[in-house]
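Heads up, the thing below is written out as structure tokens.
The values are calculated or read from the model by the stated rules, or taken from the named source; none is laboratory data. Computed from a predicted model, the values in this text were never measured in an experiment. Reconstructed Cβ throughout: ideal geometry from the backbone, glycine too, with neighbour counts over all protein chains shown.
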Amino acid sequence: MRHLLSAADLDLASAQSILDVAEEMQQVQSRPVKKLPALRGRTVVNIFFEDSTRTRTSFEIAGKWLSADTINVSAKGSSVSKGESLRDTMLTLDAMGVDAFVIRHPSSGAAQQVAGWVKAQVINAGDGQHEHPTQALLDAYSMRHHFRSIGSDGFAGKKIAIVGDLLHSRVVRSNVLLQRTLGGEVVLVAPPTLLPTGVETWGCPVTSDFDAAIADADIVMMLRVQRERMAGGFFPTEREYAEGYGLTEARLAAMKPGAAICHPGPMNRGVEISSAAADAANSLVLDQVAGGVAVRMSVLYHLLGSDEGAM
Ligand code: NCD
């Protein structure tokens, strides 16, 4: 595989291989010397046209721990702020001999477009409201750990409720596609105003009854209310949103025994997730962050680990 643009690019064997190699990569995290020689001499440019804490830092750490030369470019501080087009910016960096771009951009389809322009390999780190495949992979990685920790393996038959601002979320789209391959049963929960058009074609049950969905979910994945992508009133007040669609203390108590909580971050505490739920013993939020480095190491390794791309 040359690029990772969509979770749909992954068949079962490649998705599983990424998750399995990530297990090995995670061992590096607990070593005093966090370095493997696998990508020595390779150059990875992280180019972010949107804000990010987790994704950008974890890709940078992942590249460094694999001995790649990683360079961060952000739109602010680059010639983009002088009016240079995306195409010219990418061709300029490509001409320097970059091996891979990790790109985040506010336009859906940007990563795909870039992949058509440059010689380098491209990893989509979030394009608009479209996709965020490495987030879905790290979600799957954390869920798999959790399922194993309670003595149950595999995604088949597991119910994953994805709750909240589905309309603006690239995380939900990539999770739906990846779980189609891995076998988890995704249930979508949102107020009608935050449902994407065409959601009925995604092949997942859709409901606005969070309380009913919580009763049999093995994973409750909360999504951030994406204020920055909202122009109008998608819901009356934050308090009302929290009452209907927040993972409150009462809903935390109503979760099935053995069920766990995910959130891709950044969290709006008190809106989509209460502090009680965010910090609960069954919250995987920080496991997701830790696993995110390992999964991104594995993705970089799979794409850049041999001349052809190892996948
Ligand atoms: C998500 C994103 O940027 O799409 N966050 C992330 O990558 N950790 C979700 C979000 O911004 O709410």
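For the range 208-245, residues that are over 17 Å from L167 (Cβ atoms), without any contact (Cβ under 8 Å) to a residue 40 or more places away in the chain and surrounded by 15 or more Cβ atoms within 10 Å (Cβ to Cβ) total 1. Quick check on this structure: which one of S78, S30 is at pLDDT below 95, small (G, A, S), under 19 Å from A290 (Cα atoms) and away from the ligand (no atom under 16 Å from the Cβ)? Exactly one of S78, S30 is at pLDDT below 95, small (G, A, S), under 19 Å from A290 (Cα atoms) and away from the ligand (no atom under 16 Å from the Cβ), namely S30. Within the range 275-297, the residues that satisfy the criterion of being in contact (Cβ under 8 Å) with a residue 60 or more places away in the chain and in a helix (DSSP H, G or I) are D287, Q288, V289, A290, G291, G292, V293, A294, V295, R296, M297.
Listed by first and then second residue, the pairs with beta-carbon distance under 7 Å, at least 6 apart or on different chains, first residue in the range 53-74 and at negative phi, second assigned to a strand (DSSP E or B) and surrounded by fewer than 17 Cβ atoms within 10 Å (Cβ to Cβ), are R56/N72; E60/N72. Considering the range 118-138, the residues that are within 8 Å of the chain's Cα centre (by Cα) and more than 10 Å from the ligand (Cβ to nearest atom) include one that is nearest to T92 (Cα to Cα), namely P133. When D165 is tested against (1) within 27 Å of S17 (Cα to Cα); (2) touching a helix residue (DSSP H, G or I) at 6+ places or on another chain (Cβ under 7 Å); (3) part of a loop (DSSP other than H, G, I, E, B), only condition (1) is not met.
Every residue, every condition in (1) of a type in the set (F, W, Y); (2) in contact with an Asp or Glu (Cβ under 6 Å, 6 or more places away or on another chain); (3) away from the ligand (no atom under 15 Å from the Cβ); (4) under 28 Å from I123 (Cα atoms), yes or no:
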{"residue": "L195", "(1), (2), (3), (4)": "no, no, yes, yes"}
{"residue": "M222", "(1), (2), (3), (4)": "no, yes, no, yes"}
{"residue": "E228", "(1), (2), (3), (4)": "no, no, no, yes"}
{"residue": "G232", "(1), (2), (3), (4)": "no, no, yes, no"}
{"residue": "R251", "(1), (2), (3), (4)": "no, no, yes, no"}
{"residue": "G265", "(1), (2), (3), (4)": "no, no, no, yes"}
{"residue": "A276", "(1), (2), (3), (4)": "no, yes, yes, no"}
{"residue": "V293", "(1), (2), (3), (4)": "no, no, no, yes"}
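Scanning the range 101-118 for residues that are outside any loop (DSSP other than H, G, I, E, B) and in contact with a helix residue (DSSP H, G or I) (Cβ under 6 Å, 6 or more places away or on another chain) gives V102, I103, V114, W117. Residue-level analysis places A161 outside the set of residues that are among the small types (G, A, S) and under 13 Å from the mean Cα position of the chain (by Cα).
Helices (runs of 4 or more DSSP H) fully within the range 1-95 that include at least 1 residues being small (G, A, S), over 16 Å from the mean Cα position of the chain (by Cα) and farther than 20 Å from L182 by Cβ: 54-65.
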